[in-house]
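Chemist: The structure that follows is given in the form of structure tokens.
Nothing in this text is a laboratory measurement; each read-out follows from the coordinates by a stated rule. Treat the numbers as computed from the prediction; the structure is a model and nothing was measured. Methodologically, a virtual Cβ is constructed for each residue, glycine included, from the backbone with ideal geometry; neighbour enumeration extends over all protein chains shown.
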Amino acid sequence: MDNNVEWYLKKRVDRTLESLKNNNMKGYYIEKREQLFEILKNLIIEKSIIGIGDSITLSETGVIDFLREGNYEFLDKYRDGITSEEKKQIYIQNFSADTFICSTNALTENGELYNIDGNGSRVAPMIYGPK
């Protein structure tokens with residue numbers, strides 16, 4: 001990548017992270033997927049209850065597998081053989097999870113999150129949910 005472009009992008013990322021901080025959120029910038037798992041290991045307490053929103057991003061980045069393999073009580077709504085009633089119960093349990101992980105639709109440089117949701121499985125717990 002061109003040095004000028006790299007410098008410009010870093011400035012935008014730094015500005016966004018500072019805006020998140022000013023909005024009482026902590027942001028992280030990573031360049032490699034493996035860095036994500038180190039951050040998650042440091043943030044998530046072992047044996048805690050973990051819920052997730054419906055998210056292709058969490059699957060594609062390996063977060064779902066990370067949670068399945070970790071020492072967590074993962075509310076896994078994607079597991080094989082789950083019934084629609086079990087999945088519905090997980091949606092409800094997400095509100096009382098110790099940690100709730102989801103993706104966001106958009107993040108502005110002003111540190112604002114924009115989200116829309118088809119059934120509320122992400123946005124509702126994000127707003128009203130976990131400890």
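Chemist: On a C-alpha basis, how far is the centre of the range 1-48 from the centre of the range 65-87 in Å? Whole number, if you could?
Modeler: Taking the Cα centre of each part, the range 1-48 and the range 65-87 sit 27 Å apart.
Chemist: Then there's this: Among the aspartates and glutamates, select those whose C-alpha is under 18 Å from the C-alpha of residue 88, and discard any that sit fewer than 8 residues away in the same chain.
Modeler: Those aspartates and glutamates meeting the cut-off are 54, 73, 76, 80, 117.
Chemist: Angle between the Cα long axis of helix 84-93 and the longest principal axis of the chain, 0 to 90 degrees, nearest 10?
Modeler: 60
Chemist: Pull out the extension gain between residue 10 and residue 108, defined as 0.36 nm times the separation in residues minus the alpha carbon to alpha carbon distance; nm, one decimal.
Modeler: Extending this stretch completely gives an extra 33.8 nm.
Chemist: How do 51-57, 30-36 rank on mean C-beta neighbours within 10 Å, highest first?
Modeler: 51-57, 30-36
Chemist: Right, here's the next one. Please report, in whole Å³, the volume per residue of the convex hull around the C-alpha atoms of the range 53-126. Walk me through the intermediate numbers first.
Modeler: On the way: hull volume 8.0 nm³, N = 74.
Residue-normalised Cα hull volume stands at 109 Å³.
Chemist: By how many degrees, 0 to 90 and rounded to 10, does the Cα axis of helix 33-43 deviate from the longest principal axis of the chain?
Modeler: Helix 33-43 sits roughly 70 degrees off the main axis of the chain.
Chemist: As I understand it, the dipole of the chain uses +1 on the Cβ of Lys and Arg and -1 on the Cβ of Asp and Glu, about the Cα centre. Which of 108, 58, 22 lies farthest toward its positive end?
Modeler: Going by the charge dipole, the pick is 22.
Chemist: Just one of [x] 1.07; [y] 1.00; [z] 0.98 is Rg/Rh (Cα atoms, Kirkwood Rh) calculated from these coordinates, so which is it?
Modeler: Entry [y].
Chemist: Please report, in debye to the nearest 20, how large the charge dipole of the chain is about its Cα centre when each Lys and Arg carries +1 at its beta carbon and each Asp and Glu carries -1 there. Can you show the working numbers first?
Modeler: Numbers: 17 positive and 21 negative charges, 61 e Å.
About 300 debye.
Chemist: Residue by residue, what Karplus-based ³J(HN,Hα) values in Hz, rounded to whole numbers, does the range 107-117 have, using 6.51, -1.76 and 1.60 with θ = phi - 60° and x for Gly and Pro?
Modeler: 10, 8, 5, 7, x, 9, 9, 10, 9, 10, 8
Chemist: For the chain, find the longest principal axis of its Cα atoms and tell me its angle to the long axis of helix 3-22, 0 to 90°, nearest 10.
Modeler: Helix 3-22 sits at roughly 50 degrees to that axis.
Chemist: Taking H placed 1.01 Å from N in the peptide plane, check which residues at least 5 places from residue 52 or on another chain put their amide H under 5 Å from its amide H.
Modeler: It is 101, by chain and number.
Chemist: Excluding residues fewer than 8 places away in the same chain, name every one of the aspartates and glutamates whose C-alpha is closer than 16 Å to that of residue 10.
Modeler: 2, 18, 31, 109
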